[in-house]
1. Filter segment 57-76 down to the residues that are part of a helix (DSSP H, G or I) and of a type in the set (Lys, Arg), then identify the one that is surrounded by the fewest Cβ atoms within 10 Å (Cβ to Cβ).
2. Condition first: in contact with a Lys or Arg (Cβ under 9 Å, 6 or more places away or on another chain), part of a helix (DSSP H, G or I) and surrounded by fewer than 18 Cβ atoms within 10 Å (Cβ to Cβ). Can you find one or more residues in segment 6-24 that meet it?
3. Tell me whether segment 90-104 contains one or more residues that are among the polar types (S, T, N, Q), part of a helix (DSSP H, G or I), surrounded by fewer than 18 Cβ atoms within 10 Å (Cβ to Cβ) and modelled with pLDDT of 95 or more.
4. Across segment 27-38, what is the number of residues that are outside any helix (DSSP H, G or I) and either of a type in the set (A, V, I, L, M) or surrounded by fewer than 12 Cβ atoms within 10 Å (Cβ to Cβ) (or both)?
5. Among the residues that make up segment 39-56, is at least one of them out of contact with any Phe, Trp or Tyr (no Cβ under 6 Å at 6 or more places or on another chain) and not in a helix (DSSP H, G or I)?
6. Select from segment 99-116 the residues that are under 19 Å from Pro8 (Cα atoms), of a type outside the set (S, T, N, Q) and touching a residue at least 40 places away in the same chain (Cβ under 8 Å) and list them in ascending order.
7. Take Thr109 and decide whether it is surrounded by 15 or more Cβ atoms within 10 Å (Cβ to Cβ) and of a type in the set (S, T, N, Q).
Amino acid sequence: MDDFKELPIFRQAYVLCLAVFRATDAPYEAKERPLFDDLRRAALRIGAVIAKGHALREDRPFHRALATALGMSVQVDVLLTVAAEFEYVTGRALTELRPQVNALINELTILVRNRA
């Protein structure tokens, strides 16, 4: 697989990133901004780190990239939990994001363990 966009794990991260951006795209109050900025940044970086690791074409750096992406996915989960607690993200967006985050964490966990 030459193109990182063909990696199933990248596509999964990309879909999550788009969902996070859509969920946080509506006008929001100033108090929500720092949390939404961190949430968006973390979601965006997951795919970027996977792509970077894949581009290096070596197993060890790619494994490190997957481990980093796993950590960022957990970060997204934590930030989403806080956003839900304060009702910054509710309803349909939360129902859509939760399973995507959990599925990505599970898939990255499997990939990291299998490459160890």
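The values are calculated or read from the model by the stated rules, or taken from the named source; none is laboratory data. Predicted model only: the values in this text are computed from it and were never measured. Positions of Cβ are backbone-derived with ideal geometry, glycine not excepted, and every protein chain shown enters the neighbour counts.
1. Checking each candidate, the answer is Arg60.
2. Looking through segment 6-24, at least one residue is in contact with a Lys or Arg (Cβ under 9 Å, 6 or more places away or on another chain), part of a helix (DSSP H, G or I) and surrounded by fewer than 18 Cβ atoms within 10 Å (Cβ to Cβ).
3. Yes, segment 90-104 has at least one match.
4. Qualifying residue count, segment 27-38: 2.
5. yes
6. Val101, Ala103, Leu104, Glu107, Leu108, Leu111, Val112, Arg115
7. yes
Rundown of residues vs (1) of a type in the set (Asp, Glu); (2) in contact (Cβ under 8 Å) with a residue 24 or more places away in the chain; (3) more than 20 Å from Tyr14 (Cβ to Cβ), yes/no style:
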position: Leu56; (1), (2), (3): no, no, no
position: Leu66; (1), (2), (3): no, yes, no
position: Val74; (1), (2), (3): no, yes, no
position: Leu79; (1), (2), (3): no, yes, no
position: Val82; (1), (2), (3): no, yes, yes
position: Ala93; (1), (2), (3): no, yes, no
position: Leu97; (1), (2), (3): no, yes, no
